[in-house]
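Nothing in this text is a laboratory measurement; each read-out follows from the coordinates by a stated rule. Because the structure is a prediction, the values reported are computed rather than measured. Note that each Cβ is placed from the backbone with ideal geometry, even for glycine, and that neighbours are counted across all protein chains shown.
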Amino acid sequence: MNLKNKAMNDSAKVVVALLAGLAAGVVIGVLFAPDKGAETRDKLNESMKNLGDSIKDRLASEFAHLTKADKG
């Protein structure tokens, strides 16, 4: 594996770790919130939807970056 590919793999690992930490933080924060059960579930559902959208956007960006790096 060359140095360029190793750097891209390291970047991908960092992105995945950050997203996993963000997801864990959102879940823990919502679960410990002092709201009623239905409100908490709604907030958790909305937070997870937003997280999913963020992950899709970030992965698309990383994929485009990696594809561009392979060509250049």
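Please tell me which of these pairs span more than 32 angstrom C-alpha to C-alpha: Lys43/Lys68; Lys36/Lys56; Lys13/Lys71?
Cα-Cα > 32 Å for Lys43/Lys68; rest within.
Between Ala17 and Asp42, what FRET efficiency follows from the Cβ-Cβ distance if R0 is 30 Å, with the result rounded to 0.05?
With R0 = 30 Å, the Cβ-Cβ based efficiency is 0.60.
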